[in-house]
1. Mind checking which strands (runs of 3 or more DSSP E) fall wholly inside the stretch 117-212 and carry at least 1 residues that are open to solvent by less than 10 Å² (accessible area, probe 1.4 Å) and within 15 Å of the ligand (Cβ to nearest atom)?
2. Do we have any residue at all in the stretch 222-239 that's touching an Asp or Glu at 6+ places or on another chain (Cβ under 6 Å) and of a type in the set (Val, Ile, Thr)?
3. Are there any pairs with C-beta distances below 6 angstrom linking a residue in the stretch 72-99 that is under 22 Å from Phe135 (Cα atoms) and in contact (Cβ under 8 Å) with a residue 12 or more places away in the chain to a residue that is of a type in the set (Ser, Thr, Tyr) and open to solvent by 10 Å² or more (accessible area, probe 1.4 Å), with the two at least 6 apart or on different chains, and if so which?
4. Count, please, the residues in the stretch 234-268 that happen to be open to solvent by 10 Å² or more (accessible area, probe 1.4 Å), assigned to a helix (DSSP H, G or I) and more than 15 Å from the ligand (Cβ to nearest atom).
5. With the requirement that a residue be under 14 Å from Ser66 (Cβ atoms) and either in contact with a Pro (Cβ under 7 Å, 6 or more places away or on another chain) or in contact (Cβ under 8 Å) with a residue 40 or more places away in the chain (or both), what does the stretch 366-378 give you?
6. Residues that are surrounded by 18 or more Cβ atoms within 10 Å (Cβ to Cβ) and over 22 Å from the mean Cα position of the chain (by Cα): list the helices (runs of 4 or more DSSP H) wholly contained in the stretch 304-384 that include at least 2 such residues.
7. Among Gly24, Gly80, which is surrounded by fewer than 22 Cβ atoms within 10 Å (Cβ to Cβ) and either within 30 Å of Asp138 (Cα to Cα) or in contact with a Cys (Cβ under 8 Å, 6 or more places away or on another chain) (or both)?
8. Looking for something buried (at least 19 other Cβ atoms within 10 Å of the Cβ) and at pLDDT 95 or above - is there at least one such residue anywhere in the stretch 225-233?
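The values are calculated or read from the model by the stated rules, or taken from the named source; none is laboratory data. All values derive from a computational prediction rather than experimental measurement. With ideal geometry, Cβ positions are generated from the backbone for all residues, glycine too; neighbour counts draw on all protein chains shown. Note: areas computed on protein heavy atoms with side chains; ligands, DNA, RNA excluded. Shrake-Rupley method; radii C 1.70, N 1.55, O 1.52, S 1.80 Å.
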Amino acid sequence: MSALRAHEPATHPSSSFAKSLFCGEVQSGMVLPFPAMERAEQRKVSDLISSLHDVVNERYDPEKASEKGWVGDDLIAGLGERGLLGLYVGEQYGGQGLSQTGYCRVMEEYGAVDASLSVVMGVHQSIGMKPLHLFGSDEQKERFLPDLASGRKLAAFALTEPDAGSDAHNIQSRAERQADGSWRLNGEKRFIGNGSKDVLVTFAQSDQGFVALILEKGMDGLEVGPRYDTLGLRANDLRPLRFNDVRVPPENLLGEPGEGFRIAMHTLNNGRMSLGTGVIGGTKKLIDLTIEQCQNRRQFGRAIAEFELVQEKIAWMVSYLFGLESLVYLTTGLVDEGVTDYSIESAISKVSSTEFIWYAANRAFQLAGGKAYMRTEPYERILR
Ligand SMILES: Cc1cc2nc3c(=O)[nH]c(=O)nc-3n(C[C@H](O)[C@H](O)[C@H](O)COP(=O)(O)OP(=O)(O)OC[C@H]3O[C@@H](n4cnc5c(N)ncnc54)[C@H](O)[C@@H]3O)c2cc1C
């Protein structure tokens, strides 16, 4: 049953709202009334958010995590125990069974805590575990989801290669089918979040087309390179990978041969929304920090919040946030309504959110003045 309350059914549940806009049509039946979670799910989400803050307050220091290069196994264990690592996974596999809207609302809160934590959670849930949830067989779900939903294991999504980034269809990794039905995998991946962790969904070309394969930590020939030293998001475990004749058993093929590219693209379309809501959470925190700063900082005999040019910067941050929040939650609502084509909405959410956090961080940085440059303040880490 849909987790959403709607007074009228969508008129075109399987077509795209954004694509129809480009054709000059407004399918208002798809978006009005604005989708909302049911009360029971709202309560569940609110409890999960309280748990998230309890665990984070007890076990997470963003600055230390950034120095250590990892969010911390203790934090992961705590989040797993409180049900925060399998948010949309079915209850039969130990998850919370949230809708896309409920899931993205909790991810908003991860974004408010810290961008590194938000990315680690996004890699694990939005793209790492997601293809197993969406395309896994019952046997694969039973085998992998309980450990992933509880945080005993973490997931990764390994698509990007040295010669294939935006042009993901051009990957060079190859999987050769063997007589016993297994696959022999060779190739190279780079920039893989949670790269040294436990369950990795990866993609390769084969004689039978693009394939999606599930790799497990410790498989012979799966070589994990050193963690990249990065500009920001330093508590994210970003690694290169090399596949040297890795034997992937037949039961670790995800979907059918030839379906790999569709699985990769669908996962990314679905996963991008939580990036949007993570930015919403991060920006809300940034706006709070900025308002507090402008109320407390006095220059020319008064709080700088009284100057119109200062108010204007904050007003634009709030206005853009309103637009972003509306469009991302509209998109999650469409997914929950059963709309299957949301690729444009999802791409708009990703592009708008990343452009917007840059805009907001820049303004917050300016309003904090010279102290924003100091590493004792949160602004420089947010800007990175
Ligand atoms: C922090 C971080 C985490 C990541 N995590 C993961 C992960 O977990 N798993 C994973 O698989 N990958 C991951 N990636 C890789 C990421 O998906 C790629 O960096 C991205 O797909 C872009 O590829 P590229 O870096 O090769 O850039 P390129 O594809 O080489 O692009 C370079 C520039 O050219 C532009 N460009 C390319 N084609 C066109 C075109 N047709 N028209 C106009 N402009 C174009 C691009 O927009 C970009 O500005 C991560 C990257 C980063 C930085």
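1. On the way: elements: 155-158, 174-177, 183-192, 199-204.
Where strands (runs of 3 or more DSSP E) fall fully within the stretch 117-212 and carry at least 1 residues being open to solvent by less than 10 Å² (accessible area, probe 1.4 Å) and within 15 Å of the ligand (Cβ to nearest atom), they are 155-158, 183-192, 199-204.
2. Within the stretch 222-239, none of the residues are touching an Asp or Glu at 6+ places or on another chain (Cβ under 6 Å) and of a type in the set (Val, Ile, Thr).
3. Within 6 Å, the pairs are Gly94/Ser150; Leu98/Tyr88.
4. Restricting attention to the stretch 234-268, the residues satisfying the condition of being open to solvent by 10 Å² or more (accessible area, probe 1.4 Å) are 234, 236, 238-240, 242, 244-245, 247, 249-251, 253, 255-259, 261-262, 265-266, 268.
Narrowing further to those that are assigned to a helix (DSSP H, G or I): 250-251, 261-262, 265-266, 268.
Okay, now just the ones that are also more than 15 Å from the ligand (Cβ to nearest atom), so 250-251, 262.
So the count comes out to 3.
5. Result: Pro378, single match.
6. Working: elements: 308-336, 343-367, 379-383.
By residue number, 308-336, 343-367.
7. The conditions single out Gly80.
8. no
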